[in-house]
Structure formats: C-alpha cells, structure tokens
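> Have a look at this one.
The values are calculated or read from the model by the stated rules, or taken from the named source; none is laboratory data. Computed from a prediction, not measured in an experiment: that's the story for all the values here. Positions of Cβ are generated from backbone atoms using ideal geometry, with glycine treated the same way; all protein chains shown enter the neighbour counts.
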Amino acid sequence: MKTFTLPGTELTVPNVVLGLMRIQEKTDEEVRTLVKTARDAGISFFDHADVYGSALHGCETRFAEAMQLTSSEREQIVLQTKAGIVREGPYFDYSYEHLVESVEGSLAALGTDYIDILLLHRPDALVEPDEVARAFDELSASGKVRAFGVSNHTPGQIELLRKSVTQPLVANQLQLSVTHAPLVAQGVAANMQGLDQSISRDSGTLDYCRLHDITVQAWSPFQAGFFNGVFLGSPDYPELNAVIDRLAKKYDVPAIAIATAWITRHPAQMQVVLGTTNPERVAGAALGSEVPLTRAEWYEMFRTAGYTVP
C-alpha cells in the first residue's frame, strides 16, 4: 500500500481509504471483518460523516460499538468525518453552532477525544466564512479536530473560505471514476469547439487543488455516474471492461484493482475512497494502490470510457 504525508498535516496516510457510509445494518462481526480486511491490506484511514446511517451519527456509532478501540488502536488509524448537511431539512448549515454541535456529536458517537480530519460536506450557499473560521479555531485550539478540509467544493468556494479560515484546507473529497471524470476530461479537451467535454463545469478544481496542496479524495470510484450503478462488468461499457480485464490479467490483480489504479496513477497523489462493505472487494481494490499503469494504458482506459483524446 502506497502511503504519503498528507500535505498540511503530519499524518502518514494510504492512497486508498475505506468509507463507512453503509455499515448501519452490519453486525459487530461484519464491521470488524470489514475493518480487519482493510487493515490487512494497508488501509488505516476511515471516512465517516454525521449524516451517514439511519439516524444522525448512526454509522459513526455503529463503528465505535463494533470496534471498541483501545487508545493505542485509535492512535494507529486516521478518522475523518464530515459536517454541514442537515438531512431532514434538507439544507446545508455551516454556522458556528451547527459545526461545533456536529463535531461534539461525532466525538461522542465515535468514542474518541479527537477527529483527525473534519470536512465541510457540501457547499452551503449561505456560508459566512467568519462563522466557519470561528468554529475551526475553537475546534483546533481544543484539540478536538486536528485538520480541516472540504468536500465537493469549487476553487471559488475554497477561496471564499480561505478569506477567513487560518488553518490549511488539506483535502477536497470529490466524485471521480474513469467514467465520471469531468475533473480530468475538460482539461484534456480544452479549446475544442462543439465538444461537450470541453465545457468547464468546475473551474479547474483538480489543477487548483494541486497548486494549493489540497489532496483530492475520490468518492464513488467505481460508479458509472451519480449513483446509477458500477461500470465494472456493465454491458454499457464493453470496450472499457475489455481493456480492464486485459490489464487485470497483465498485472495479476482483479478488475477492481485496475479501476483503483486509474486514479492512483494520476500524479495529483489522490486518495481513493472505497464505499463497498464487501471485504473481498476491499481487498481487491486495495491491490490497485501501486499498480504502475503506463501512460498508454491510462489513456486507453480514458478513451474507452467514452472521453475524447484530441
């Protein structure tokens, strides 16, 4: 498993992360097996959010109940959670009161004294940067949160936060897979008239993050689009799957590892956030951490996923 020092922190992190948004109905043994499989594969980074689960902090609570981590075990892992979505609204809330209340709830649910990384979950159109800064300052000074970041944010939204927030924003969690890659695809086909791919929809978010040492965390890395099924084995992507199967055979890994490798091969040093609760898939995906796809192989996957390479 490839690891690196997360810019803006002293954390050594793997480039594959286990997301735990689907563990609410899992038994203690199922959660422990899932986490052990991840740990055995070199994954020491676990991603949560306050809204994951059937109740507020549901999956965080389920994780803590199942794992019963000792102090030394807690120190060996990175726990990341998110705040800002008011699910029952539905709306978003980046007020000082909501962010602090959410973190207190996450700390209690996870049974820990500190959160390694807190992300602002989705952009709040009514954000007041000074309110966010006030919350971050208090949470940082108290030691309750050690690092901060965002999720699904554009460069302009991040710049607005940075106007007031003094802590580095170390991560931006964004949807990315080989078949859902506008982060990458627009730049490849820039300045091509009449091509939908050439339209900028995110103001150069990937390049912005690279320029500012913000680590991109890729969520839904195997989804064809926005929660509409996986591309692996899908009849909608026969050419892509033929390429993936050929590369899987070449590198002696499962197909899911090649899908992981398409992201980890990118020089932005991104993290892949796995959403599966299937231990076999977790182990298989983790094998893509260091698969050395060539440029030709990377672009072949990109082209057969439906993107234009001029």
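> List the helices (runs of 4 or more DSSP H) inside segment 252-310, counting only whole elements, that have at least 3 residues being surrounded by fewer than 19 Cβ atoms within 10 Å (Cβ to Cβ).
Qualifying helices (runs of 4 or more DSSP H): 279-286, 295-304.
> Just one of (1) closer than 27 Å to SER95 by Cα; (2) under 22 Å from the mean Cα position of the chain (by Cα); (3) not acidic (Asp, Glu) trips up GLY204, so point out which.
It fails just one condition, (1).
> Note down all Cβ pairs under 6 Å where the first residue falls in segment 287-302 and is over 18 Å from LEU240 (Cα atoms), the second is of a type in the set (A, V, I, L, M, F, W, C) and at pLDDT 95 or above, and they're at least six residues apart or on different chains.
Matching pairs, first to second residue: LEU287/VAL253; LEU287/ALA257; SER289/MET1; SER289/VAL16.
> What's the total number of residues in segment 12-31 that are among the polar types (S, T, N, Q) and within 20 Å of ILE117 (Cα to Cα)?
If we filter segment 12-31 for residues that are among the polar types (S, T, N, Q), which is where we start, we get 12, 15, 24, 27.
Still in the list and also within 20 Å of ILE117 (Cα to Cα): 12, 15.
Result for segment 12-31: 2.
> Just checking, does segment 215-224 include any residue being within 22 Å of the chain's Cα centre (by Cα), of a type in the set (A, V, I, L, M) and under 23 Å from THR37 (Cβ atoms)?
Pass one, segment 215-224, residues within 22 Å of the chain's Cα centre (by Cα): 215-224.
The next check asks that each one be of a type in the set (A, V, I, L, M); those that pass are 216, 218, 224.
Next, from what is left, pick out any that are under 23 Å from THR37 (Cβ atoms): 218.
Taking every residue of segment 215-224 in turn, at least one turns out to be within 22 Å of the chain's Cα centre (by Cα), of a type in the set (A, V, I, L, M) and under 23 Å from THR37 (Cβ atoms).
> Select from segment 148-165 the residues that are farther than 25 Å from ASP196 by Cα, out of contact with any helix residue (DSSP H, G or I) (no Cβ under 7 Å at 6 or more places or on another chain) and free of Cβ contacts under 8 Å to residues at least 60 places away in the same chain and write down the one among them that is surrounded by the fewest Cβ atoms within 10 Å (Cβ to Cβ).
If we take residues in segment 148-165 being farther than 25 Å from ASP196 by Cα, out of contact with any helix residue (DSSP H, G or I) (no Cβ under 7 Å at 6 or more places or on another chain) and free of Cβ contacts under 8 Å to residues at least 60 places away in the same chain, then GLU159 is surrounded by the fewest Cβ atoms within 10 Å (Cβ to Cβ).
> Here's something else I'd like to know. Go through (1) part of a helix (DSSP H, G or I); (2) small (Gly, Ala, Ser); (3) in contact with a helix residue (DSSP H, G or I) (Cβ under 6 Å, 6 or more places away or on another chain) for SER203 and report which single condition fails.
(1)
> Within the set of pairs 6+ apart or on separate chains, which have a first residue in segment 93-107 that is closer than 12 Å to VAL127 by Cα, a second that is of a type in the set (D, E, K, R) and crowded, with 19+ Cβ neighbours inside 10 Å, and C-beta atoms under 6 Å apart?
Between residues of segment 93-107 that are closer than 12 Å to VAL127 by Cα and residues that are of a type in the set (D, E, K, R) and crowded, with 19+ Cβ neighbours inside 10 Å, the close pairs are TYR94/ASP124; SER95/GLU131; TYR96/GLU131.
> Could I ask something else about it? Suppose we filter ILE158, ILE214, ILE244, ILE199 for residues that are of a type outside the set (Lys, Arg) and under 20 Å from GLY288 (Cβ atoms); which single one remains?
So the residue among ILE158, ILE214, ILE244, ILE199 that is of a type outside the set (Lys, Arg) and under 20 Å from GLY288 (Cβ atoms) is ILE244.
> Next question. What are the residue pairs meeting all of these: first residue in segment 9-21, first residue under 21 Å from ASP50 (Cβ atoms), second residue of a type outside the set (Asp, Glu) and part of a loop (DSSP other than H, G, I, E, B), Cβ atoms under 6 Å, and 6 or more apart or on different chains?
LEU18/ILE43; GLY19/GLY275; LEU20/HIS48; MET21/TYR52
> Of all residues in segment 121-134, which are in contact with a helix residue (DSSP H, G or I) (Cβ under 7 Å, 6 or more places away or on another chain) and either touching a residue at least 40 places away in the same chain (Cβ under 8 Å) or on the phi > 0 side of the Ramachandran plot (or both)?
Hits for segment 121-134: nothing passes.
> Quick check on my filter: what residues within segment 133-146 are in contact with a strand residue (DSSP E or B) (Cβ under 7 Å, 6 or more places away or on another chain) and of a type in the set (A, V, I, L, M)? Explain how you work it out, then say what you get.
Quick first cut of segment 133-146, residues in contact with a strand residue (DSSP E or B) (Cβ under 7 Å, 6 or more places away or on another chain) only: 136, 139, 144-146.
Selection gives LEU139, VAL145.
> Let me ask you something else. For segment 222-232, does any single residue satisfy the condition of being modelled with pLDDT of 95 or more, touching a Ser or Thr at 6+ places or on another chain (Cβ under 7 Å) and loosely packed, with under 14 Cβ neighbours inside 10 Å?
Among the residues of segment 222-232, not one is modelled with pLDDT of 95 or more, touching a Ser or Thr at 6+ places or on another chain (Cβ under 7 Å) and loosely packed, with under 14 Cβ neighbours inside 10 Å, which makes the answer no.
> Scanning segment 188-220 for residues that are under 22 Å from THR260 (Cβ atoms) and small (Gly, Ala, Ser), which turns out surrounded by the most Cβ atoms within 10 Å (Cβ to Cβ)?
The extreme case among them is ALA218.
> If you take the residues of segment 197-208 that are among the charged types (D, E, K, R) and at pLDDT below 95, which of them is farthest from LEU174 (Cα to Cα)? Step through it out loud before you land on a result.
Within segment 197-208, the first condition is being among the charged types (D, E, K, R), and the residues that meet it are 201-202, 207.
This time we only want the ones that are at pLDDT below 95, so: 201-202.
Numbers: ARG201: 13, ASP202: 11 Å.
Looking at residues that are among the charged types (D, E, K, R) and at pLDDT below 95, I get ARG201.
> Among the candidates VAL145, VAL127, which residue alone is surrounded by 16 or more Cβ atoms within 10 Å (Cβ to Cβ) and within 22 Å of LEU79 (Cα to Cα)?
On the way: VAL127 fails: within 22 Å of LEU79 (Cα to Cα).
Every option except VAL145 fails the conditions.
> Tell me, yes or no, whether segment 141-159 has at least one residue that is under 24 Å from THR264 (Cβ atoms), assigned to a helix (DSSP H, G or I) and either touching a Leu at 6+ places or on another chain (Cβ under 7 Å) or not basic (Lys, Arg) (or both).
Yes: one or more hits.
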